[in-house]
1. For the range A:76-113, which positions are of a type in the set (Lys, Arg) and touching a helix residue (DSSP H, G or I) at 6+ places or on another chain (Cβ under 8 Å)?
2. For the range A:107-120, which positions are open to solvent by 10 Å² or more (accessible area, probe 1.4 Å) and either assigned to a helix (DSSP H, G or I) or at the interface with chain B (Cβ under 9 Å from one of its Cβ atoms) (or both)?
3. Just to be sure I understand, how many residues within the range B:251-288 are free of Cβ contacts under 8 Å to residues at least 24 places away in the same chain and touching a helix residue (DSSP H, G or I) at 6+ places or on another chain (Cβ under 6 Å)?
4. Which of the residues that make up the range A:170-183 are assigned to a helix (DSSP H, G or I) and surrounded by fewer than 12 Cβ atoms within 10 Å (Cβ to Cβ)?
5. Among the residues in the range A:86-93, are any open to solvent by less than 10 Å² (accessible area, probe 1.4 Å), of a type in the set (Phe, Trp, Tyr) and in contact with a Leu (Cβ under 9 Å, 6 or more places away or on another chain)?
6. Among the listed residues B:Ser423, B:Ser443, B:Ser393, identify the single one that is small (Gly, Ala, Ser), under 25 Å from B:Pro61 (Cα atoms) and at pLDDT 95 or above.
7. Tell me which residues, restricted to the range A:18-62, are under 15 Å from the mean Cα position of the chain (by Cα) and either surrounded by 20 or more Cβ atoms within 10 Å (Cβ to Cβ) or of a type in the set (Ser, Thr, Tyr) (or both).
8. If B:Phe52 passes every condition in (1) buried (at least 23 other Cβ atoms within 10 Å of the Cβ); (2) at the interface with chain A (Cβ under 9 Å from one of its Cβ atoms) but one, which one does it miss?
Amino acid sequence: MEKFEKVVSRAVPMPIEDIDTDQIIPARFLKATSRDGFGDNLFRDWRYEQNGNPKTDFVLNDNTFSGRILVAGRNFGCGSSREHAAWALADYGFKVVVSSFFADIFKGNALNNGILPVQVSDEYLLGLLDAIQENPETEITIDLVNQQISYQDQKETFKVNVYKKECLINGYDDIDYLINMKSEIEAYEASSLVV
Amino acid sequence: MGKTLFDKVWDAHVVKSLEGDIDVLYIDRHLIHEVTSPQAFSELEKRGLSLFRKEKMVATPDHNIPTKDQHLPIKEALSKHQVDTLLANCAKHDVELYGLGHPFQGIVHVIGPELGITLPGRTMVCGDSHTSTHGAFGAIAFGIGTSQVAQVMASQCLLQSRPKTMRITVDGELKKGVLAKDIILYIIAQLTAAGGTGYFIEYAGSTIQSLSMEARMTICNMSIEMGARGGMIAPDDTTFNYIKGREFAPKGEAFEEAVSYWKTLHSDSGASFDKEYTFHANDIEPMITYGTNPGMGIKITKEVPLSMGNGSQDSFNKSLDYMGFKPGESLLGKPINHVFIGSCTNSRIEDLRIVADYVKGKKKAENVTAMIVPGSKQVEQQAIAEGLHEVLSAAGFELREPGCSACLGMNEDKVPAGEYCVSTSNRNFEGRQGPGARTLLASPLVAAVTAIEGKIVDITKHLN
């Protein structure tokens, strides 16, 4: 996994609640057997007409907004466990999703792909969305080391698991950790009621 | 202080606890399918790793397969490639596979229980969020992403933070026409689509205890629709009787030994939960959803609400616009052109029996296309043995071959844009059953009555 550095970027606002992983990447685009290219179909049915023409009123088709940070309404990433949702966001170029609440499985999938889910308070989210709408050039800083999000003079700290933080900063994957634990896992198998 | 059912099973599987409240959790069974496993096999190969415990894995294609003519080669090239990739990976790594045409093939969450792979006290995972289904047996079962599929393949373990615990108690006797699906849609409507996030749920109470295993699976299946990692029910005689004699279940003395262990798997009387809810069966009626997440459900005779509690009005309005419904209106009388009976939520033999029992001697409405997709080859064969296929066919229902089908619209079984579908599946998200499709989630009984009437009705007036 790529190391997660401090992100300073403009942001794309998506003030919709309960954005599910079927919207992030519809099931009919899950037929690939590699991890590549999912960004083309990110938010496919909100982004394109059925004939493939871009929907001009959708934020990803609006040149006013850009950046590596997606700011979305509460309960982002609910629904299916498809990691393709995280791959699509990463492939499109997002490094951070800011929301006031994340679905569990999405949060885990994001972290396993070097995307940082930043959970902020409802008030902070509203202020941030307003600021971006008012001035799309608003720069947002995501400082993982100090667990702080800031724009203009508005700061808030966010939580991140200490282990996952280490993984992100150093670019470690869980699998690296687990495959080095084989003897402990075998000892567990020998001692437990494993069936 | 006593332990919860969840604590007992989780604690028995902790290999090691790490700093930061993360446990290395041992996984007893790993189910895989064609959609979320290919990149995990590639990851393993890229790292030069082999499967750590291949005998703890079972594979079946379900999400991306046709439900017609399964004996013929898959026509759609990308789907064929994905299914072929699963077959090739399983052959190469020597994983137990139930491919198309195999008598054990089916939706992964239907075959696990029916084959006796799902057992009380086990930890089970699958690259699919509805893995929560298996919790009906008192197992800890949850969905994972593909990176985690690779981790389990490589180590039989996952790094997991321990979820909080919630108990949902439902007591009392169910009213006529109210099924397990109505119970869970009712609960989700009360708690919202995010109400269970961060929790593992235990369902308890006299109503839950009175349910069959298949009905319990319907309840646990939809735990994820509240955001919960999983849901579980303490195993009892209903559970043990269901498991006894199944293909991979312990046999003879081993079964008796297992039962005596399984009997310890319940929440102790002094156990405390981080959150508790209690509901009364008497308050539950046949349910239907009107919006674009499973928390947007109402009693079928009630009106669409004007707003969603604390949710944003813009998101609520966007959802109703998509569905073509107005705040405050009743859904009764709305014409419905599509009925889908299937999915890991409601495609088991009891579901098919409920539908067949109602439609026997009746005919579907002319405007309706009614598709019924059994959850597995075993369910399909059982339905045929009981003559249900003839009853369904006479009523104008099309009985397909097993798969996930129109639950997620990955194959050609889709609902056309703008059309309404009363569906026994688990998600009513925008476009879930096809681009522009409008899904109304309901029980198999509501689906059956809708198919006959061609519109939404108060089903209780149609029951004998």
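The values are calculated or read from the model by the stated rules, or taken from the named source; none is laboratory data. All of these numbers come straight from a predicted model, not from anything done at the bench. For neighbour counting, all protein chains shown are included, and Cβ atoms are generated from backbone atoms with ideal geometry for every residue, glycine included. These area figures cover heavy atoms from the full protein model, side chains too; ligands, DNA and RNA do not enter into them. Shrake-Rupley method; radii C 1.70, N 1.55, O 1.52, S 1.80 Å.
1. A:Arg82 - this is the single residue of the range A:76-113 that is of a type in the set (Lys, Arg) and touching a helix residue (DSSP H, G or I) at 6+ places or on another chain (Cβ under 8 Å).
2. Correct list: A:Lys107, A:Gly108, A:Leu111, A:Asn112, A:Asn113.
3. The qualifying residues number 1.
4. Listed by number, the residues that qualify are A:Asn170, A:Ser183.
5. no
6. Sole residue among the options that is small (Gly, Ala, Ser), under 25 Å from B:Pro61 (Cα atoms) and at pLDDT 95 or above: B:Ser423.
7. Filtering the range A:18-62 for residues under 15 Å from the mean Cα position of the chain (by Cα) gives A:18-25, A:38-39, A:42-43.
The answer is A:Asp18, A:Ile19, A:Asp20, A:Thr21, A:Asp22, A:Gln23, A:Ile24, A:Ile25, A:Phe38, A:Leu42, A:Phe43.
8. (1)
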